[in-house]
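Beneath this line is the structure, given in structure tokens, with notes to follow.
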Number of protein chains: 2
Amino acid sequence: MVVKGTLIHTPVLGEVETIKHALVTIDDSGQISSIRSPGTASYDEEIIAASSAGQLFELGANQYLLPGLVDLHIHAPQWPQVGTALHLPLYDWLQQCTFPLEAKYDDLGFARQNYESLVDNLLANGTTTATCYGTIHLEATKLLAEICLDRGQRAVIGKIAMDNRQECPDFYRDKSTTSGLDGTRALIEHIRNLPGNEDGRVLPAVTPRFIPGCTDEMLEGLGSIADEYNCHVQTHCSESDWEHDYVIERHGVNDTQSLDRFQLLTDKTVLAHSNLISDEDMSTIKTRASGIAHCPLSNVYFSNAVFPARRALDRGLKVGLGTDISGGPSPSILHNCQASVNSSRMLEEGVDPTVRRGERGTPNSRIDYLEAFWMATVGGAETLGLKVGRFEEGYSFDAMVIDRNVADTNLQGLDDFQSGEDALQKIIYNAERRNIANVWVQGRMVKGS
Amino acid sequence: MVVKGTLIHTPVLGEVETIKHALVTIDDSGQISSIRSPGTASYDEEIIAASSAGQLFELGANQYLLPGLVDLHIHAPQWPQVGTALHLPLYDWLQQCTFPLEAKYDDLGFARQNYESLVDNLLANGTTTATCYGTIHLEATKLLAEICLDRGQRAVIGKIAMDNRQECPDFYRDKSTTSGLDGTRALIEHIRNLPGNEDGRVLPAVTPRFIPGCTDEMLEGLGSIADEYNCHVQTHCSESDWEHDYVIERHGVNDTQSLDRFQLLTDKTVLAHSNLISDEDMSTIKTRASGIAHCPLSNVYFSNAVFPARRALDRGLKVGLGTDISGGPSPSILHNCQASVNSSRMLEEGVDPTVRRGERGTPNSRIDYLEAFWMATVGGAETLGLKVGRFEEGYSFDAMVIDRNVADTNLQGLDDFQSGEDALQKIIYNAERRNIANVWVQGRMVKGS
């Protein structure tokens, strides 16, 4: 397949590259085999050949080819309650809503219905890579992996591990440490051996919910499994004051250092939130080549401070974005692009009007739409170690078409803007789900026609 | 006309009222003449009568009747740059983008094209009342009023006044104080005498851009005009550190007190932003019965702190929401509902993770979706002194239908939620423009069929 159109991406942090009338050639395995600009060798020939073979996909006016979005943090079972219950305090939110909801995934019919809906909705929002926590249930989490594979959703998926009787309710907890560890192994084996998953479209992850939810024995066992299988790891890290202080109390160190002791910080680890990490934590995370899932919308509701994205990026950490469904109210990574810009500016300016000018904020904290989109694509991909998130030879063709030719849209007036910068900024602020006309994962079209 | 369906509104701050299968009867003038619940007197007869007269508009499953949204702060000429240029510092944003753009409205063809587009887009986003600054140009601002009237947009509109040579560029400034005042009068007269505007669908406003943009002579003249015509007043108030400090430097007092001296604080005044107002300012604003246009998205970009909405509401001030197109990136008041919740929580929690727990935020600052929607409807209406924003006998029928039966929508799963609270929260977080199926202003359908 050859896709022809105006291409916009952010391969380098803080920069945008635009190629008008680009020609992206995708091989049978879904990898990008070449990217040509008008005027380069065999540009015209390639168009003619693809066209006569019926393999040319041509974007129209007011359409833009962008990389697909990478969501680094999704609680898959919480999809049915997205956009609700956010007025509740954390304790009520967990005990009254979230744990009872997750417990229902013991029912595979319930799981199928909601996981299919989730995956369809993620793809429709341009999320080509979904990093998901499942529930404690092995079978339902296997099903989630199968649905992702079937629907063409690139995904990293883990069975959640939570065995600590002190912090997890009786009705929703791994039966024992052993069963949690066994289930984790079983899921890894299942995903790696799924028919059709030879190219690793769906990948398994070791998934301690968070330190408070796990016994030391569980954490230790999960660290060993991550090492043994060399698979991804995902967990929460220093998300809120309560959680952060709990870990200091229990282990005498911050989450980062504790996770490191349990061998849970690897170059395949995704640390969700990480709002309260120290400079030392940042150094450790960088040394281990782990990455951070910045969840700016969810942080408004369940963290107690803003994640200092600018500082982390300046220090060279890998940072991507997460929706944190349903701690965050939106399934859209574009919404989280906006929110990451907003929260960084609020960190820089400060928020309290009664504090004097000059004492109110944290200077040099802001990011703008370019860094936000980089996190949403390249940063997420680098965190997971996947060759997606940009258009480059040898990378997978995970992409979307943004279309402003749809009726009833707020994505207006792009005609008036000459640059890819303007178009990208406007897309981040004003594109809605309907403006995502086509989505491909590994060259397979999963939205549009 | 009789509209039948599930009605959700927030007539009382912090509370939601839901009436399933409500029957709203609207008279020929577009006023609500009755609201009936199932089982009340003549409920069934009313349905039969309306139905046989072909005057029954019946909502389907998964549709909700909500009040139309009130936008208290729009820079109408800035519509073409919405969603762009927000990475620029204020000075560059004004000098390179905004003033040159506003200056173009000297051209009535340009004005017509963009103002028609703006009004169509506001209505499509459910904004039934639009409070607009025009440009310095009388003719273009007259045109904006005519377009609003023609399209059925309820509006409050002012010719912007800015005559201060120290702060306004040569290419975009009232030619003289006198011409600015004359233009203001002429616009008021024009709007009040527009054929078809007998019911005051479009109202004029005295509109000093902000104190720095105006000479004292201009402010004094505008205060007199506001008094003489008993019309609305709109201006910016203590928006940012620069502007706030400028006024203290020039007038020795805060914006609020300065505006009060010029007779510009009336019960028809809309003060945009007001982030940095003091307790004394709040008292003055309350005494004068003026209202505040809280613009939470724009504040992220061009203010330096969060407007303390909770404090203002607790003190009984009138507060509504504004998009502040194009200082804010979105034409949607629903987006600003979300943003008002988010910024209030960030004010309460604080933002800087290096500050110790307990010292980080401003307790009791949060609002939730209920207060946000109240501001978006009732608060805005009360600020303007209009009988809209809720469903009540004698109020104008300004309303919208939220529909989750559209394809490709994030507004999912409302079926699972029993309460109007859940539905409203989900609508605020997940409804997109396409979910607004129908919009009415004063009983006239302006979107949908």
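Worth pointing out:
- Out of A:V355, A:V341, A:V351, one residue alone is within 9 Å of chain B (Cβ to nearest Cβ), among the β-branched types (V, I, T) and in a helix (DSSP H, G or I). It is A:V341.
- Criterion violated by B:S365 - all others in (1) assigned to a loop (DSSP other than H, G, I, E, B); (2) of a type outside the set (F, W, Y); (3) crowded, with 19+ Cβ neighbours inside 10 Å; (4) more than 10 Å from every other protein chain (Cβ to nearest Cβ) satisfied: (4)
- Any chance B:A76 is among the small types (G, A, S) and closer than 20 Å to B:S330 by Cα: yes
- Filter result for A:E45 (free of Cβ contacts under 8 Å to residues at least 40 places away in the same chain and out of contact with any Phe, Trp or Tyr (no Cβ under 6 Å at 6 or more places or on another chain)): yes
- Residue-level check: of (1) part of a helix (DSSP H, G or I); (2) aliphatic (A, V, I, L, M); (3) open to solvent by 10 Å² or more (accessible area, probe 1.4 Å), A:L222 misses just (3).
- Of the criteria (1) more than 30 Å from B:K426 (Cα to Cα); (2) of a type in the set (S, T, Y); (3) touching a Gly at 6+ places or on another chain (Cβ under 9 Å), which one B:S117 fails: (1)
- Any hit, region A:375-386, residues being within 9 Å of another protein chain (Cβ to nearest Cβ) and part of a helix (DSSP H, G or I): no
- Only one entry of A:T40, A:T18 meets the criterion of being β-branched (V, I, T) and either in contact (Cβ under 8 Å) with a residue 12 or more places away in the chain or not in a loop (DSSP other than H, G, I, E, B) (or both), and that entry is A:T18.
- Near pairs, Cβ below 6 angstrom, 6+ apart or cross-chain, from region A:373-397 (crowded, with 19+ Cβ neighbours inside 10 Å) to any residue that is assigned to a loop (DSSP other than H, G, I, E, B) and of a type in the set (A, V, I, L, M): A:W374/A:L13; A:A381/A:V388; A:S396/A:V388
- On inspection, A:S449 does not qualify as more than 10 Å from chain B (Cβ to nearest Cβ) and either modelled with pLDDT of 95 or more or farther than 17 Å from B:A407 by Cβ (or both).
- Residue selected from region A:179-193 under the condition of a type in the set (S, T, N, Q) and without any contact (Cβ under 8 Å) to a residue 24 or more places away in the chain, by the criterion surrounded by the fewest Cβ atoms within 10 Å (Cβ to Cβ): A:N193
- Some residue of region B:410-427 being within 10 Å of another protein chain (Cβ to nearest Cβ), surrounded by fewer than 22 Cβ atoms within 10 Å (Cβ to Cβ) and of a type in the set (S, T, N, Q): yes
- Filter result for the condition that a residue is more than 16 Å from B:W440 (Cβ to Cβ), in the same structural domain as B:L411 (by TED's automatic domain parsing) and in contact with a Pro (Cβ under 6 Å, 6 or more places away or on another chain), over B:H9, B:H21: B:H21
- Some residue of region A:194-213 being assigned to a loop (DSSP other than H, G, I, E, B), among the small types (G, A, S), open to solvent by less than 40 Å² (accessible area, probe 1.4 Å) and under 21 Å from A:G385 (Cβ atoms): yes
- Any hit, region B:342-362, residues being of a type in the set (V, I, T) and either in contact with a strand residue (DSSP E or B) (Cβ under 7 Å, 6 or more places away or on another chain) or under 29 Å from B:Q153 (Cα atoms) (or both): no
- Pick from region A:213-257, criterion over 24 Å from the mean Cα position of the chain (by Cα) and among the hydroxyl-bearing types (S, T, Y), ranking: farthest from A:R165 (Cα to Cα): A:S224
- Of the helices (runs of 4 or more DSSP H) contained entirely in region B:233-308, those carrying at least 3 residues that are closer than 25 Å to B:E217 by Cβ fall at B:241-251, B:255-261, B:279-288.
- The condition of being more than 23 Å from B:A381 (Cβ to Cβ), assigned by TED's automatic domain parsing to the domain that holds B:A437, crowded, with 17+ Cβ neighbours inside 10 Å and in contact (Cβ under 8 Å) with a residue 24 or more places away in the chain holds for only one of B:A85, B:A61, B:A103, B:A50, that being B:A50.
- Failed item in (1) within 27 Å of B:D71 (Cβ to Cβ); (2) surrounded by fewer than 23 Cβ atoms within 10 Å (Cβ to Cβ); (3) more than 9 Å from chain A (Cβ to nearest Cβ), with B:L370 passing the rest: (3)
- Within the set A:V351, A:V355, the sole residue that is buried (at least 24 other Cβ atoms within 10 Å of the Cβ) and over 17 Å from the mean Cα position of the chain (by Cα) turns out to be A:V351.
- Taking region B:314-338 as the range and being under 20 Å from the mean Cα position of the chain (by Cα) and either facing chain A (nearest Cβ under 8 Å) or surrounded by fewer than 24 Cβ atoms within 10 Å (Cβ to Cβ) (or both) as the test, the residues that pass are B:G316, B:L317, B:P329, B:S330, B:P331, B:S332, B:Q338.
- Cβ-Cβ distances below 9 Å connect the following pairs, each with a first residue in region B:206-235 that is free of Cβ contacts under 8 Å to residues at least 60 places away in the same chain and in the same structural domain as B:G327 (by TED's automatic domain parsing), a second residue that is open to solvent by 20 Å² or more (accessible area, probe 1.4 Å) and part of a strand (DSSP E or B), and a separation of six or more residues or different chains: B:C231/B:L203.
- B:T25 being farther than 30 Å from A:N342 by Cα, of a type in the set (V, I, T), open to solvent by 10 Å² or more (accessible area, probe 1.4 Å) and in a loop (DSSP other than H, G, I, E, B): no
- Among all positions in region B:268-281, there is no residue which is open to solvent by less than 10 Å² (accessible area, probe 1.4 Å), of a type in the set (S, T, N, Q) and more than 23 Å from the chain's Cα centre (by Cα).
The values are calculated or read from the model by the stated rules, or taken from the named source; none is laboratory data. Fair warning: this is a prediction, and the values are worked out from it, not measured in the lab. With ideal geometry, Cβ positions are generated from the backbone for all residues, glycine too; neighbour counts draw on all protein chains shown. Ligands, DNA and RNA are excluded from the accessible area calculation, which covers all protein heavy atoms including side chains. Shrake-Rupley method; radii C 1.70, N 1.55, O 1.52, S 1.80 Å.
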